[in-house]
Every structure is written in structure tokens, then in C-alpha cells.
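Structure, as C-alpha cells:
Read the figures in this text as sums done on the coordinates, not as results from a lab. Note that the coordinates shown come from a computational prediction; the quantities given were computed from them, not determined experimentally. All Cβ positions, glycine included, derive from the backbone under ideal geometry; neighbour counts span all protein chains shown.
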């Protein structure tokens, strides 16, 4: 969050992984191969389906909100205002 704020971010949105069919079959083998130490926790979180438990999701959202407040990243309304007031970025193609 600090790095994002220092580099000009206006808003960060929390989102928790969804392991829908198709994604689940790709993601879990990748996780086992590349990050085996993380596999047990993901298997626990997603053992009942595509979504992490509500308490976990709410915890992530709460943490992101606290960090946004700490680093002055505001909410969606302030991000929208900043984009409208700021200049349009261009792609260096």
C-alpha cells in the first residue's frame, strides 16, 4: 500500500481469489508445484467450493480498508474524482 500510494495510486480494491471450475484445476496444481508451503492453507480455504469463507473474505476487506486509510488511498469516490481532475495517461506504443 505504501509503495502504491508513493507512486500515485488513488485507490486499491480488495478482492479474494475465486476458484471456479476451470481455474481450480489449473491453480491448485500450479500452487503445489510452485508454492508447496501455501497449498495446505488454500486447500483449507477452498475445500467447500469456489469461494473462501465469509469470515476470511471480510477480514481481507477490513485489512485493506485499514491500510487504505493509513496510506490515504481513499475510496472509490475520491479515485473517480482524481481521475476526472487529472490528466489522461498515454501508452508509449
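Points to keep in mind about this one:
- Segment 2-85 pair-distance distribution - Cα-Cα, 5 Å bins, rounded %: 3, 13, 18, 17, 13, 13, 14, 7, 2, 0
- Taking 7 Å steps out from each Cα toward its Cβ at residue 56 and residue 25 produces label points 2.2 nm apart.
- Residues in segment 1-36 that a label on residue 67 would reach, taking backbone N under 19 Å of a point 7 Å out along Cα→Cβ: 1-18
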